[in-house]
Amino acid sequence: MGQLYVVISHDSVFTRMHEVEGPKTVIGRNDDCAIRLPDVLVSREHAILLKTETGFRIRDLGSRNGTCLNGRRIHGEEVLDEGAEVQIRPFRLKVCFSIAEAVKQTVSSEDSTRSASLPAEDSLIEPANVPRLTPGQLRVYNLFVQGFIEKEVAKQLGISVNTVHDHAKAIYKTLSVSTRGELVSDWATRHALRNPEKS
């Protein structure tokens, strides 16, 4: 079974991306919920995401305002398909099974259809408000936020996977993240803050 990412928006404005880890992920208003949605219309423990041998499912936990899947209120457990949309009052959670698809969901359609080829040197995106990355790290960073995995980055840049991995560790340390999912979420948040008209 693969990985699950949810792209979270509040009142149609992107807020963050969450990489689902573990077999059970509780969604709700409580501070200890894995996916915390701070709004009075969200129950303390509202719904739960379940990772099973056959796929991902969602179950409402008897919430006061209910949970909708693709516009329909759910009862019991429902299967989550790629591209499904979960609505928990003002929040919408877009279901993605790959980090590349999650990246596309965090930006405008114009940005999401950009070429997956290596960006030109002068068009590299540099994260704002962080210590400057080296040119090599910046190239790796840009391919990561386009959804490429380490092996694909190595092929694109003509370097070894070990070199990409070393760059990745340095990038994670600089940006204070620990996974590629967190890295992309950090980038998407910065992108949304810099480009509010595209959110």
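No value in this document is a laboratory result; all are computed from the given coordinates. Model, not experiment: these values are computed from the prediction. Note that we place each Cβ from the backbone using ideal geometry, even for glycine, and neighbour counts take in every protein chain shown.
Report the full-extension gain for the segment Ser12 to Thr54: residue separation times 0.36 nm, less the Cα-Cα distance, to one decimal in nm. Present the calculation step by step, with values, prior to reporting the outcome.
Details: separation 42, 0.36 × 42 = 15.12 nm, distance 3.07 nm.
Taking 0.36 nm per residue and subtracting the Cα distance, the gain is 12.0 nm.
Kirkwood Rh over Cα pairs of region 36-88 into Stokes-Einstein at 37 °C, 0.692 mPa s: D in µm²/s?
Numbers: Rh = 11.5 Å.
Estimated diffusion coefficient is 286 µm²/s.
In bins 10 Å wide, starting from 0, what share of all Cα pairs of region 1-51 does each bin hold, as a percent?
The distribution over region 1-51 is 26, 55, 19, 1, given as percents.
Rank Val6, Thr52, Val40 by how far each Cα sits towards the positive end of the charge dipole of region 1-103 (+1 on Lys, Arg Cβ; -1 on Asp, Glu Cβ) and give me just the farthest.
Result: Val40, furthest along the dipole toward the positive end.
Give the lysines reachable from Lys173 as a straight Cα distance under 22 Å; neighbours fewer than 8 places away on the same chain don't count.
List returned: Lys151.
Label-point separation (nm) for Arg64 and Ile149, each offset 7 Å from Cα along Cα-to-Cβ?
The modelled label-to-label distance comes out at 4.4 nm.
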